[in-house]
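What follows is a short report on a single structure.
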Amino acid sequence: MPDRKNEIVLHGIAGSPGICIGKAYLMDREGVDVVPKYTLGKGQLEAEKKRFKTAVKKAIDELHQIIADTPEELRENAKILETHVVLLKDKMLYGRTIETMEDELINAEWALRKVVLSIKPLFEGMGDGYLRDRAEDVVNVSDRVMKHLTGAEEVSIGAITKRVILVAPDLSPAETSQIQLERIMGFVTDRGGKASHTSIIARSLEIPAVLGLEQATRIIRNDDIIVLDGNAGVVVINPSEETLAEAEARKSLYEERRAQYARSGHLPAKTRDGIDLAVMGNIELPEEVVAVKDRGGDGIGLYRTEFQYMARRDFPGEEELFESYRDVVDLMPDKPVTIRTLDINGDKAVAYISDPEENPVLGLRAIRYCLHKPEVFLTQLRAILRAANHGKVRLLVPMISRIEEILEVKRLMAKAADSLKQDGLPHQKKVPLGAMIEVPSAAIMADTLAPEVDFFSIGTNDLIQYTMAIDRGNRDVAYLYNPLNPAVLRLLKMIVDAAAAHDKPVFMCGEMAGEPIYVPILLGLGLKELSANPQSIPMVKNAIRQLDVDQTRTFVERLLKQTSTEQIERMVQKIYGDLLNNGNHHDWGR
Ligand code: PEP
Ligand code: MG
């Protein structure tokens with residue numbers, strides 16, 4: 001019998017798939033450091049360059065001091081710090097950061113981050129082991145400079161020098177989007193739910209995560225070895241030799257299977273009876289487009305633009321927004337790019353944008369905020385219409401709850417186009433307009449909304465939240481969060497029927513579209529385009545290739561007659577479980 005007596009097993013919510021094994025790094029405060037990003041006004045460049053140079057100088061002085069303070073017998077170990085001093089003066093890091101600031105008129109922190117991300121892979125790709133190790137040094141010295149730039153002297157995450165598993169009370173979506181992938185293997189949190197934006201971003205970044213563990217920060221200690229299984233939602237603290245071996249084996253198996261799927265990502269998503277579907281990718285930042293392309297995505301089905309408004313001190317301007325949108329469009333030539341307008345507030349509140357609300361999820365979120373602040377909305381609409389001149393842009397509006405909102409959006413789109421014409425800026429006057437159906441009132445009234453828009457996109461994450469009256473990020477009510485709830489399925493049916501009656505296409509970009517086990521239901525309902533986080537694309541395409549639309553239609557008719565979630569789950573598992581489950585689940589023998 002394996003000896004597992006010193007192990008502690010914690011069960012939480014499977015936030016993002018993947019398995020990792022490593023040392024715990026405990027955050028004793030909420031959140032990780034966020035790298036600010038903003039553009040510089042004309043007169044600000046020189047001052048910003050000076051700020052960068054001062055930070056570099058402080059980092060060098062600090063290193064000299066540490067070297068000087070190192071006792072004689074340990075001097076050999078301090079050699080690495082001398083390498084860091086040299087790196088800090090090197091043209092590759094120092095010179096290129098200054099050049100990036102000059103060329104792109106962006107702040108020092110962001111320029112430095114960009115340069116590090118571009119040169120690190122060069123070192124990592126080197127055959128020589130010594131040079132490969134220098135990749136870590138580049139990250140190390142840039143952190144030192146970053147610390148002086150942001151003034152975050154006491155921020156513990158900046159001090160992380162090894163690859164760790166982060167253990168935090170909670171992480172906000174903005175913080176998660178800024179996680180340094182080169183440092184953090186995975187993360188676990190006390191709070192959070194599967195449909196929270198935090199776990200959605202972890203899935204986009206492909207970082208394994210277990211959320212909602214409740215006691216993780218109390219039970220786990222710094223440097224504890226932990227196994228994190230993001231597929232099963234389990235964390236094992238102080239694993240035995242046997243558990244470690246088991247985890248390593250499962251990790252290899254999972255990665256092997258994922259690589260197999262990835263290789264098939266570029267095959268078309270055609271059903272067994274010959275129906276073609278499009279499988280697109282959801283992104284939060286322009287950098288993620290590459291992952292969508294690599295996984296065989298047929299376009300961008302959801303670009304969550306609000307992330308560009310976070311991790312900064314002021315609203316981005318039209319030019320900056322336009323450039324990001326154009327970057328995405330340029331990377332996806334001839335393929336649709338669905339730009340969703342600002343979905344700020346709710347769990348994505350930002351201090352400079354609005355005051356805290358009593359019930360943020362039911363407050364001035366998304367389109368409500370944009371119509372409340374038309375000047376902010378018009379800036380974004382202008383940027384989107386300009387980017388539309390470069391490719392196949394669709395405009396998608398989040399959180400529509402009544403028809404008046406759509407009519408007002410159309411009026412503001414026309415106003416944005418008129419003002420662009422007056423300014424003589426190239427743009428598209430009209431782009432396909434879609435409403436996100438994610439509030440029950442919109443689903444109920446979908447037949448009246450359909451004539452006013454070009455398409456619907458169903459956001460199941462919020463549709464479930466608002467239908468079931470549960471906070472999607474709250475672990476205690478996560479058990480109620482289930483796409484197979486009969487009320488949710490009935491609403492989906494209402495939406496697709498209403499759209500079909502008006503000959504309008506319906507897409508889905510909520511997380512339900514990214515899970516292979518739900519694909520038969522979505523096919524049976526008649527959806528033609530699904531959009532998922534990039535790593536799910538190959539699995540969803542694979543599921544589509546296994547299915548026959550006619551059969552799924554009959555199956556959905558039967559499902560819609562059921563009254564309980566459990567019954568529906570049983571039926572789905574019985575008919576499609578073997579075909580579509582990824583075999584990832586494992587209860588760790590307990
Ligand atoms: C949704 O609600 O399903 C959706 C796709 O939007 P978000 O997750 O950004 O709220
Ligand atoms: Mg939503």
Name the residues in segment 436-469 that are away from ligand 2 (no atom under 14 Å from the Cβ) and either among the small types (Gly, Ala, Ser) or in a loop (DSSP other than H, G, I, E, B) (or both), would you?
-> SER441, MET445, ALA446, ALA450, VAL453, ASP454, ALA469
With the condition kept exactly as written, say whether any residue in segment 460-472 is small (Gly, Ala, Ser), under 25 Å from the mean Cα position of the chain (by Cα) and surrounded by 18 or more Cβ atoms within 10 Å (Cβ to Cβ).
-> no
Looking at GLY363, is it of a type in the set (Gly, Ala, Ser), more than 16 Å from ligand 1 (Cβ to nearest atom) and over 22 Å from LEU492 (Cα atoms)?
-> no
Being more than 12 Å from ligand 1 (Cβ to nearest atom) and either among the small types (Gly, Ala, Ser) or part of a strand (DSSP E or B) (or both) is the filter; apply it to segment 470-489 and report the residue that is farthest from MET436 (Cα to Cα).
-> ALA478
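Which one of ILE66, ILE19 is surrounded by fewer than 19 Cβ atoms within 10 Å (Cβ to Cβ), in contact with a helix residue (DSSP H, G or I) (Cβ under 7 Å, 6 or more places away or on another chain), modelled with pLDDT of 75 or more and not assigned by TED's automatic domain parsing to the domain that holds LEU321? Steps first, please.
Numbers: ILE19 fails: surrounded by fewer than 19 Cβ atoms within 10 Å (Cβ to Cβ).
Within the list ILE66, ILE19, the selection yields ILE66.
Considering only segment 214-251, how many residues are assigned to a helix (DSSP H, G or I) and more than 24 Å from the chain's Cα centre (by Cα)? Lay out the reasoning, then the answer.
The initial filter retains those residues of segment 214-251 that are assigned to a helix (DSSP H, G or I), namely 216-219, 241-251.
Imposing the further condition that a residue be more than 24 Å from the chain's Cα centre (by Cα) reduces the set to 218-219, 241-250.
Count: 12.
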Test: residue in segment 385-404 that is among the charged types (D, E, K, R) and in a helix (DSSP H, G or I) | yes
Meets criteria (within 16 Å of ligand 2 (Cβ to nearest atom) and out of contact with any Lys or Arg (no Cβ under 9 Å at 6 or more places or on another chain)) for MET512 = yes
Among the residues of segment 134-161, how many are in contact with a helix residue (DSSP H, G or I) (Cβ under 9 Å, 6 or more places away or on another chain) and either modelled with pLDDT of 70 or more or over 28 Å from ASP229 (Cα atoms) (or both)?
-> 19
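Do you know which residues across segment 290-342 are β-branched (Val, Ile, Thr), within 13 Å of the chain's Cα centre (by Cα) and modelled with pLDDT under 95?
Going residue by residue through segment 290-342, those that are β-branched (Val, Ile, Thr) are 290, 292, 300, 305, 328-329, 337-339, 341.
Add one more test, that the residue is within 13 Å of the chain's Cα centre (by Cα), and what stays is 292, 305.
Those that are β-branched (Val, Ile, Thr), within 13 Å of the chain's Cα centre (by Cα) and modelled with pLDDT under 95: none in segment 290-342.
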Hey, TYR369 assigned to a helix (DSSP H, G or I) and either under 23 Å from the mean Cα position of the chain (by Cα) or crowded, with 16+ Cβ neighbours inside 10 Å (or both) or not = yes
Looking at (1) under 29 Å from LEU213 (Cβ atoms); (2) away from ligand 2 (no atom under 16 Å from the Cβ); (3) touching a residue at least 12 places away in the same chain (Cβ under 8 Å), find the lone condition where TYR479 falls short.
-> (3)
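Consider VAL337 carefully, then state whether it is within 16 Å of ligand 1 (Cβ to nearest atom) and in contact with a helix residue (DSSP H, G or I) (Cβ under 8 Å, 6 or more places away or on another chain). Give the derivation first.
On the way: within 16 Å of ligand 1 (Cβ to nearest atom): yes; in contact with a helix residue (DSSP H, G or I) (Cβ under 8 Å, 6 or more places away or on another chain): yes.
Spelling it out, VAL337 is indeed within 16 Å of ligand 1 (Cβ to nearest atom) and in contact with a helix residue (DSSP H, G or I) (Cβ under 8 Å, 6 or more places away or on another chain).
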Does TYR303 qualify as being closer than 19 Å to GLU529 by Cα and of a type in the set (Phe, Trp, Tyr)?
-> yes
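The values are calculated or read from the model by the stated rules, or taken from the named source; none is laboratory data. These figures come from a predicted structure and were not determined experimentally. Ideal geometry is used to build each Cβ from the backbone, glycine not excepted, and the neighbour counts take in all protein chains shown.
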